[in-house]
Structures are given as C-alpha cells and as structure tokens.
Amino acid sequence: MTSTPLYKRVLLKASGEALMGSQGFGIDVTVADRIASDIAEARAMGVEVGVVVGGGNIFRGVAVASKGGDRVTGDHMGMLATVINALALATSLRKQSIDTVVLSAIAMPEICESFSQRAALHHLAQGRVVIFAGGTGNPFFTTDSAAALRAAEMGAEAIFKGTQVDGIYTADPKKDPTATRFDRLTHSEVLDKGLAVMDVTAVALARENSIPIIVFSIHEKGGFGEILMGGGLKTIVSDN
C-alpha cells in the first residue's frame, strides 16, 4: 500500500448488471449508492474519476438482432439504457454531495449535456465526476469500447474494469473451482488467450494508447479505493 494514490485520473467501467444487485432487472438503488460511495472515496483522495456505465440491466442491443430485428435500432435502445443508468448513478453521487455531470454521446439537452472532449476535460478540471453515457454514440460498439475511447480522450492513467469477480481467471471461478487468478497480463496476452475481460476492440485501443486495465470486483465495498492505493485483489493488464 502507498501513502498516495497510484493514479491521478482514472476511468471506471461499471457494467449495467452491477447496478442490478440481486434483482433480475433494473437498478438497485442501494447498490448504486454503494458504488457512488466508492467513487466518493476516490475523489476524497484527490483522484479525478470518469465513469462509463453499461446498460445490460435494462436492455441489450444484440437481443433485438438475435431475434431477427435490426441491430442498429437495438443498439440505439441499448444506448438509451446507459443514459438511464448514468442518471441513476449521478443521483447517488449527488446525494453524497459529489459534484457530478452526465455527458451523453447522443444529444438530449433536456436531460444531460452532450459529450465533447473539451467539456469532459473542463468538468474534470473543476473537480467533478464525469459520467459518460450513450456508449460511443455508434451502433456495433460496446460500452467496453466506449470506456477505452473515453479513457484515451480524457487522458486517463488507467481503466478500472469493475466485474463480478476480483480479477481475470483461467476459467469462470464461479463454475470452475480450480480456476486461478492472473496477477498480471499484457494486453497482447489477453487478446491471444481470448480472455473475456473486455471486447477485442477495447483491449486493442487500450494497448494502442498504453493505458493499463485493472480488473477488480465492483461488489467489494472500498475495493476501488484500496486498489488505487496499491492494495486489494485485482489483475493488472499492462505492457509496462
């Protein structure tokens, strides 16, 4: 553990499923509040935080395509789901007196601000948590890809990928008790081994911009802050 955070600016990627808690659908406000408290802890350390949240707890675009529907329309529906989640997380952060702004890749000015790199950097410099909604704003790209893209645009020193388990394993540890956790991997090893941590586009984009990916359990209260200080269970994906 260090006395100061390892990073000054990070991008947290939270899945939509994380916001469900133990529910089968939607948003568990107590879970949103706990994730918000972890972000608040990071802000108290002086770390600037951007957040990309998925939409899988509400809608997945590929679900439309798998049943013969139009993938583009499905992905647009999924983007709207991420806006709902972003607004929910922003509400939880504001309840804890954390100045927060939602920037959407799809213009909806009555609801939130539109994304631009200039706006994102301005809000981060003002000490606000910035939640990026609407994915990349394009169909056929996941919110993992949006996380890698926004991390590069905001000059993040690391991407924190909050998952259901505390790192990258040789197999699904919930199904295979013999699965072991990797402490460190390179971006190329993740791609070569086909490890399902983030999609190929996201990992390649992070590699191209030399951004480490830190995979940890988003369900461990205080885990985000602990890893920022050099402790905690995680897998670090880095070429350095």
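Values computed for the structure shown
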quantity	calculated
Built amide H within the under 5 Å cut-off of Gly134, gap 5+	Thr82, Val83, Ala105
Charge dipole magnitude, Cβ of K and R +1, D and E -1 - the chain, Cα centre, debye nearest 20	140
Residue order, fewest to most beta carbons within 10 Å, for Met77, Met154	Met77, Met154
Difference of contour (0.36 nm per residue) and Cα-Cα distance, Thr73 to Gln126	15.5 nm
Whole-angstrom gap from segment 180-220 to segment 95-109, using each part's C-alpha centre	27
Ranking of Thr180, Thr163 by count of other Cβ atoms within 10 Å, fewest first	Thr180, Thr163
Segment 150-166 - phi-based ³J(HN,Hα) in whole Hz, Karplus 6.51/-1.76/1.60, Gly and Pro as x	5, 4, 5, 5, 8, x, 5, 8, 6, 9, 9, 9, x, 10, 7, 10, 8
Phi to ³J(HN,Hα) by Karplus 6.51 cos²θ - 1.76 cosθ + 1.60 over segment 36-43, Hz, x for Gly, Pro	4, 5, 5, 5, 4, 4, 5, 5
Cβ-based exposure ranking for Ile35, Ile84, in which fewest neighbours within 10 Å come first	Ile84, Ile35
³J(HN,Hα) computed for each position of segment 201-215 - Karplus, 6.51 cos²θ - 1.76 cosθ + 1.60, integer Hz, glycine/proline x	4, 5, 5, 5, 5, 5, 4, 4, 9, 6, 9, x, 10, 10, 9
Volume of the Cα convex hull of the chain, divided per residue and given in Å³	125
Positive-pole candidate from Leu191, Asn138, Val51, dipole of the chain, charges at beta carbon	Val51
Label-reachable residues, segment 123-161, where backbone N falls under 13 Å from a point 7 Å from Ser238's Cα toward its Cβ	157-160
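Values in this text are rule-based calculations from the coordinates and carry no lab data. Quick caveat, the model's predicted, so the values are computed rather than measured. Note: ideal-geometry Cβ built from the backbone for every residue, glycine included; neighbour counts use all protein chains shown.
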